[in-house]
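Single-structure report; data block below.
The values are calculated or read from the model by the stated rules, or taken from the named source; none is laboratory data. Predicted model, so just to flag it, every value in this text is computed and none were measured. Note: ideal-geometry Cβ built from the backbone for every residue, glycine included; neighbour counts use all protein chains shown. The protein model used for the area step is the full one, side chains on, heavy atoms only, and it has no ligands, DNA or RNA in it. Shrake-Rupley method; radii C 1.70, N 1.55, O 1.52, S 1.80 Å.
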Amino acid sequence: MQNKQSIHGAWANRWIFILAATGSAVGLGNIWKFPYIAGENGGGAFVLVYLFCILLVGVPIMMAEVLVGRRGRQSPINSMREVAYEAGHHGRWAGVGWMGALAGFFIFSFYSVVAGWVLYYIAGMGSGKFVDIGSEEAGQMFGALLEDPETLLIWHSLFVVLVMMVIAGGVNKGLERATRVLMPLLFVLLFVLLAYSINSGYFAEGWDFLFHFEPEALTWNAVLVALGHAFFTLSLGMGSIMAYGSYMGKRDSIGGTVLAIAGLDTLVALIAGLAIFPIVFGNQLDPGAGPGLMFITLPVAFSQMAGGQVFGFLFFLMVGFAAWTSAISLMEPGAAWLVETLGLSRTKASILLGVLVWLLGLLALGSFNVTSDFLIFGMTAFDFLDFLTANIMLPLGGFFVAVFVGWYLTREMSEDELALRSSLIYQLWRVVIRYVSPVAVAVIFALNLYQKLVG
Ligand code: PHE
C-alpha cells in the first residue's frame with residue numbers, strides 16, 4: 001500500500017514538489033500580511049515569536065502533513081481516514097480534513113478579495129495611474145478602491161476564474177510549469193526591491209523595526225497572531241500541504257524538502273518586510289496602517305524610482321502570481337475530494353467550488369463598503385474570516401495533525417515514511433511533534449482565552 005499513487009497525478013520530481021509547495025506557501029501572507037501584522041504588533045517582538053513558531057511548530061507539523069498525505073495518497077479528508085485505519089484507529093479523523101477544507105474555503109473568500117486589489121494595481125501600474133504620487137495620494141487612491149464595490153467585484157471575479165482554470169486543468173498541467181517560471185522571477189524582483197530599499201537611506205530604521213526585540217512590546221495577542229501566521233504562511237492546518245504531499249515521490253526525503261520550503265517562505269517574508277518598512281519610515285507613513293500597508297507604501301516607492309512604473313507593474317504582477325499559486329492550493333483539497341468521492345470531473349469540481357468561494361467572497365468584499373456595518377463579534381466579515389481561520393482554525397487543525405501523527409500513528413509508520421537519515425533526528429522530531437508543537441498551540445490558545453475572559 002505504501003507504493004500507491006494518487007489518482008490525481010504526481011510531481012515530476014522532488015524540485016517540482018519543493019517549488020509547488022513554496023508556491024503555496026509564498027503568497028499574500030508573506031508580502032501583504034506579514035509586514036502589516038508585524039507593523040501592528042510592534043515589529044521585532046512579533047518577528048522573534050514568529051520565527052520560533054515557524055521552527056518549533058511549523059516545520060515539524062509540515063513534516064507531519066506531508067507524511068500523512070504521501071501515506072494516504074488521497075485528498076486530505078480521505079488520507080486522514082485511510083491513514084487512521086492503517087494505524088488501527090477510527091475513521092472520524094477525517095474530520096480534521098473536513099475542518100481544513102472548510103478553512104480553505106473561508107480563507108479563499110477574503111484572499112481572493114485582496115488578490116483582486118493586486119490585480120487592480122497591476123492594471124493601474126500598467127496604465128500609469130500611479131505616476132508621481134506622494135504618500136497621501138497613495139492612501140487616498142487605495143481608500144477610493146475599497147469604497148468601490150463594482151471595481152472590487154470585477155477583480156475578485158477574475159481572480160476566482162483564474163484559479164478555477166488551473167484547478168480544472170489538474171495537478172500536472174499548468175501548475176508545474178507556472179511555478180517553475182514564476183517562483184525564480186519572484187525572487188529576482190524581491191531582491192531588486194530590497195536593493196532599492198537598502199539605498200533609500202532608511203534601511204537601518206526598517207531593519208531596526210523588524211529585528212529590535214523589545215520584550216515589553218510583546219502581548220499575548222501578538223503571540224497568538226504570530227502562531228496563526230506561522231500556520232497561514234506555511235499553508236498548514238488546512239490540508240494544502242497534505243494534498244501536495246500526496247503527489248510527492250515515494251523516495252524523496254520529507255525532512256530536507258520541508259526545511260527548504262519553510263526556509264524560502266521565511267526568507268520571502270523577511271525580504272518583503274525589509275523592502276516595505278524603509279519606505280514606511282522614509283515617507284512618514286504609519287507602520288501599523290493595517291491591510292492597506294503594502295498598497296500604499298509600494299506605489300509611493302515606485303513613483304519615486306527610475307523606471308518605477310515598469311518595475312511596479314512587474315512587482316504587482318509577481319505578487320499576483322504568488323497569490324495565484326497559493327489560492328490554487330487552497331482549492332486543491334476540496335477539488336481532490338470532490339473528484340475522489342463524488343466522482344466529479346476536475347472541471348465540475350472547480351466550477352462548484354469557484355461559485356461557492358465567489359459568493360462568500362462577496363461578503364468579504366462588502367466589508368469595506370456596502371456591508372461594512374455587518375459585524376460578527378465586532379469584526380467585519382473580512383476581519384472575522386481572517387481571524388477565525390488564521391488564529392483559530394489553522395492552529396487547531398495543526399494541533400490535531402500533530403496529535404494524530406505523534407500519538408496515533410504507529411512508530412513504524414512515521415519512521416518508515418520520514419526515512420530520516422539519523423535516528424537521532426527522528427527521535428528529536430518525535431518529541432517535538434508529540435509534546436512541543438501541540439503543547440505550544442494549546443498553551444497559546446489557553447492563555448489567550450484567559451486574557452480575553454479576565455483581561
Ligand atoms: N500560505 C499562503 C500565503 O502565505 C496562504 C495559504 C494559507 C495558502 C493556507 C494555502 C493554505 O499567502
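If you take all C-alpha pairs in region 99-165, what percent of them are over 14 Å apart? Walk me through the intermediate numbers first.
Working: 1428 of 2211 pairs.
Distances greater than 14 Å cover 65 percent of the Cα pairs.
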| Overall Cα dimensions of region 254-396, principal axis frame, Å, largest first | 54, 46, 32
| request: Can you work out the PRE-style zone for H212? Point 7 Å along Cα to Cβ, and I want the residues of region 246-280 with backbone N under 12 Å. | output: none
| note | So for R0 = 35 Å, FRET eff. of I7-W407 from the Cβ-Cβ r, to 0.05, ends up at 0.75
| query | Using mean Cβ contacts within 10 Å as the protection proxy, how do 33-42, 133-142 order, highest first? | reply | 33-42, 133-142
| R92 versus D286: modelled label distance in nm, points set 7 Å from Cα along the beta carbon direction | 4.7 nm
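Determine the dipole magnitude for region 14-453: charges of +1 sit on the beta-carbon of Lys and Arg, -1 on that of Asp and Glu, nothing else is charged, the reference point is the Cα centre, and the result goes in debye to the nearest 20. Before the final figure, lay out the partial values.
On the way: 20 positive and 27 negative charges, 339 e Å.
That gives region 14-453 a dipole magnitude of about 1620 debye.
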| field | Between helix 293-304 and the chain: long-axis angle, C-alpha atoms, 0 to 90°, nearest 10 | value | 50 degrees
| Those residues of region 387-407 whose amide nitrogen sits under 14 Å from the label point placed on F377, 7 Å along Cα→Cβ | 387-396
| query | So what are the radius of gyration and Dmax for the Cα set of region 158-258, in Å? | reply | 19.0, 50
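Suppose every K and R has +1 on its Cβ and every D and E has -1 on its Cβ; what is the size of the dipole of region 328-437 about the Cα centre, in Debye to the nearest 20? Walk me through the numbers on the way to the answer.
On the way: 6 positive and 9 negative charges, 37 e Å.
That gives a dipole near 180 debye.
Mind checking the per residue accessible area of region 94-176 for me, 1.4 Å probe, whole number of Å²?
Working: 3080 Å² over 83 residues.
Accessible surface, normalised per residue, equals 37 Å².
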| remark: Once the in-chain neighbours fewer than 8 apart are removed, the lysines whose Cα is under 23 Å from K250 read K4, K173
| field | Inverse of mean 1/r across different Cα pairs in region 113-204, Kirkwood, Å | value | 15.9 Å
| field | Rh by Kirkwood over Cα pairs, then Stokes-Einstein D for region 280-346 at 0.890 mPa s and 25 °C, µm²/s | value | 165 µm²/s
| query | Just the Cα atoms of region 313-455: what Rg and Dmax do they give in Å? | reply | 20.2, 58
| field | region 272-314 residues near the modelled D148 label - backbone nitrogen below 19 Å, point 7 Å along Cα→Cβ | value | 292-300, 303, 313
| query | What are the ³J(HN,Hα) values, in whole Hz, obtained from phi via the Karplus relation 6.51 cos²θ - 1.76 cosθ + 1.60 with θ = phi - 60°, for each residue of region 38-55 in sequence order, with x given for Gly and Pro? | reply | 5, x, 6, 10, x, x, x, 4, 5, 4, 4, 5, 4, 5, 4, 5, 4, 6
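Over all directions, how big on average is the projection of the convex hull of the alpha-carbon atoms in region 1-148, in square nanometres? It would help to have the intermediate numbers written out before the result.
Numbers: hull surface 51.7 nm².
Value for region 1-148: 12.9 nm².
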| message | Can you show me the helix-derived [θ] at 222 nm for the chain, built from DSSP H runs with n ≥ 4 at -39,500 (n - 2.57) apiece and divided by the number of residues, rounded to the nearest 500. | response | -23000 deg cm²/dmol
| said: If you split all Cα-Cα distances of the chain into 10 Å bins from zero, what percentages do you get per bin, shortest first? | reply: 5, 22, 33, 27, 12, 3, 0
